[in-house]
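The values are calculated or read from the model by the stated rules, or taken from the named source; none is laboratory data. Here the structure is a predicted model, which is why all the values come from computation and not from measurement. Methodologically, a virtual Cβ is constructed for each residue, glycine included, from the backbone with ideal geometry; neighbour enumeration extends over all protein chains shown.
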Amino acid sequence: MEKTDFIIVGIGNHSTPQLTEEVRALIHVNKVFSGGKRHYTLIKHLLPIKHTWVEISGRMDVVLEAYSQYDTCILIFASGDPFFYGFGNTLKAFLPVANIRSFPYFNSVQRLCQRTMTNYSELHTVSVHGRPWAPLDVALLKDEPLIGVLTDGKKTPAVIAKRMLQYGFSNYKMIVGEELDGELEQISRLELSECTELMHQALNCVLLVRKSPKNTTFGLPDDQFIGLPNRRKMITKLPIRHSTIHALDLRNAISFWDIGACTGSVAIEAKRHYPHLSITAFEIRKECGAIIQQNKEHFSTPGIEVVIDDFFNLNLMNYPMPNVVFIGGHGNRLEEMILKIHGLNPNVRFVTNAVKATSSETFIQTLKKLDYQLKTLTIQVDDHNKIAIHSAVNK
């Protein structure tokens, strides 16, 4: 039989951990144990008198170095299910060939669903514990009916509630579970507005329960966008936006850049159609920063990074490498912009909307020299100028 390198035991927050007889037997025959400080407090009285404890805190390389000092099996205690955003995944990532046995317990979100008798067959769980907002943003944009959220000390229930209200997701209510399984266990059912100023115990998780579907239309009305002062018509019109997004072909893209974002209409429409996308919107006009933010909030579209600066002055290596780029503005430096982006990723897909013949010619000639295949669609909306939507993909 293959030697077991690690045994990971999931536990709750009970003062006396609920362990199977098999796990108790494994504790009895092992000498080296590991886990967080809280786990040691809960489990110490069950360990053999002569035992070694390796604390999991801080850098993983330090923990692995400590593990390497032992050639015997190490029994690790973890919270809930070790392979649900847990230490099991971390250990497997660092030691992919290690032989691991796992004894899971209910994870915190499952426990909260059980405590509240919530049907969690449609549960979508995300973690913002030491992570960015993106997973939660995607779930909200997809209008998931039930979202479980693993929180942390900064992204608390109150902070989550404030952010959701900021972006207009008032169609959810919140259930907060604190110190589940512990002596201080508390469960609260709250409207988001009730939660924004509340303090909760550090050990908590959240259920977001949708009260009603988000009432959204297919396509965002032009007249609902906040525009530049005295330039209300300076926006990519809805039929052009949809044709542009079709040309962008963002289905399998990971990172999308909108350059010359202006009011943010293309970036916002793209994010609503493709919530998974990492979107960076570049714009040189300082007043557009506030305008794009207002439009993001108005259309309930978090998760777009806005960069207000001259694109040519930026270190582009500081931003997610794009698969697809839309050039909505270029300051008469279109060829230079294309070459700059192509230097970052020779396989990037380019799309631009051109009114001037010179812009069309520059786009086509520059990308033909780079051996791209080009397509053009010409559209006219009402009495506005005709717009050529050019797309280019590397052969």
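Count of the stretch 238-261 residues, restricted to those that are within 14 Å of Thr352 (Cα to Cα) and either in a loop (DSSP other than H, G, I, E, B) or among the hydroxyl-bearing types (Ser, Thr, Tyr) (or both), is 5.
Listed here are the residues, each with its yes/no results for (1) under 26 Å from Asp382 (Cβ atoms); (2) free of Cβ contacts under 8 Å to residues at least 40 places away in the same chain.
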site: Leu277; (1), (2): no, yes
site: Cys288; (1), (2): yes, no
site: Ile292; (1), (2): yes, yes
site: Val307; (1), (2): no, yes
site: Tyr319; (1), (2): no, no
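All but one of (1) farther than 30 Å from Glu22 by Cα; (2) within 24 Å of the chain's Cα centre (by Cα); (3) among the β-branched types (Val, Ile, Thr) hold for Val109; which doesn't? Of (1) farther than 30 Å from Glu22 by Cα; (2) within 24 Å of the chain's Cα centre (by Cα); (3) among the β-branched types (Val, Ile, Thr), only one is false for Val109: (1).
Pick out the one residue from Ser278, Ser265 that is crowded, with 17+ Cβ neighbours inside 10 Å and farther than 17 Å from Phe225 by Cα.
Working: Ser265 fails: farther than 17 Å from Phe225 by Cα.
Being crowded, with 17+ Cβ neighbours inside 10 Å and farther than 17 Å from Phe225 by Cα holds for just one of Ser278, Ser265, which is Ser278.
I want to confirm something. Restricting to the stretch 322-353 and keeping residues that are in contact with a strand residue (DSSP E or B) (Cβ under 6 Å, 6 or more places away or on another chain) and assigned to a loop (DSSP other than H, G, I, E, B), which single residue is surrounded by the fewest Cβ atoms within 10 Å (Cβ to Cβ)? Among them, the one singled out is Asn347.
Note on the stretch 377-395: residues that are over 27 Å from Asn315 (Cβ atoms) and touching a helix residue (DSSP H, G or I) at 6+ places or on another chain (Cβ under 8 Å) amount to 8.
Restricted to the stretch 165-215, and to residues there that are in a helix (DSSP H, G or I) and polar (S, T, N, Q), the residue that is farthest from His129 (Cα to Cα) is Ser193. Restricting attention to the stretch 110-126, does a residue exist that is in contact with a Pro (Cβ under 7 Å, 6 or more places away or on another chain), without any contact (Cβ under 8 Å) to a residue 40 or more places away in the chain and closer than 20 Å to Tyr274 by Cα? Looking through the stretch 110-126, at least one residue is in contact with a Pro (Cβ under 7 Å, 6 or more places away or on another chain), without any contact (Cβ under 8 Å) to a residue 40 or more places away in the chain and closer than 20 Å to Tyr274 by Cα. Among (1) modelled with pLDDT of 95 or more; (2) touching a Gly at 6+ places or on another chain (Cβ under 6 Å), which single condition is Leu192 missing? Of (1) modelled with pLDDT of 95 or more; (2) touching a Gly at 6+ places or on another chain (Cβ under 6 Å), only one is false for Leu192: (2). The strands (runs of 3 or more DSSP E) falling completely within the stretch 59-160 that include 2 or more residues that are closer than 30 Å to Leu198 by Cα map to 74-79, 123-127, 146-150.
Yes or no: the stretch 282-292 includes at least one residue that is touching a strand residue (DSSP E or B) at 6+ places or on another chain (Cβ under 6 Å), closer than 18 Å to Arg349 by Cα and modelled with pLDDT of 95 or more. The answer is yes, given that some residue of the stretch 282-292 is touching a strand residue (DSSP E or B) at 6+ places or on another chain (Cβ under 6 Å), closer than 18 Å to Arg349 by Cα and modelled with pLDDT of 95 or more.
Filtering the stretch 65-80 for residues that are more than 29 Å from Ala202 (Cα to Cα), in contact (Cβ under 8 Å) with a residue 12 or more places away in the chain and exposed (fewer than 11 other Cβ atoms within 10 Å of the Cβ) leaves an empty set. Among the residues of the stretch 19-33, is any part of a strand (DSSP E or B), closer than 30 Å to Val126 by Cβ and not assigned by TED's automatic domain parsing to the domain that holds Asp181? Taking every residue of the stretch 19-33 in turn, none turns out to be part of a strand (DSSP E or B), closer than 30 Å to Val126 by Cβ and not assigned by TED's automatic domain parsing to the domain that holds Asp181. Taken over the stretch 202-213, residues that are surrounded by 13 or more Cβ atoms within 10 Å (Cβ to Cβ) and either at pLDDT 95 or above or not assigned by TED's automatic domain parsing to the domain that holds Ser127 (or both) amount to 7.
Looking only at residues in the stretch 110-151 that are closer than 21 Å to Phe83 by Cβ and small (Gly, Ala, Ser), the one that is surrounded by the fewest Cβ atoms within 10 Å (Cβ to Cβ) is Ser121.
Scanning the stretch 321-354 for residues that are without any contact (Cβ under 8 Å) to a residue 40 or more places away in the chain and of a type in the set (Gly, Ala, Ser) returns Gly343, Ala354. For the condition part of a strand (DSSP E or B) and over 25 Å from Leu238 (Cα atoms), Gln365 does not qualify.
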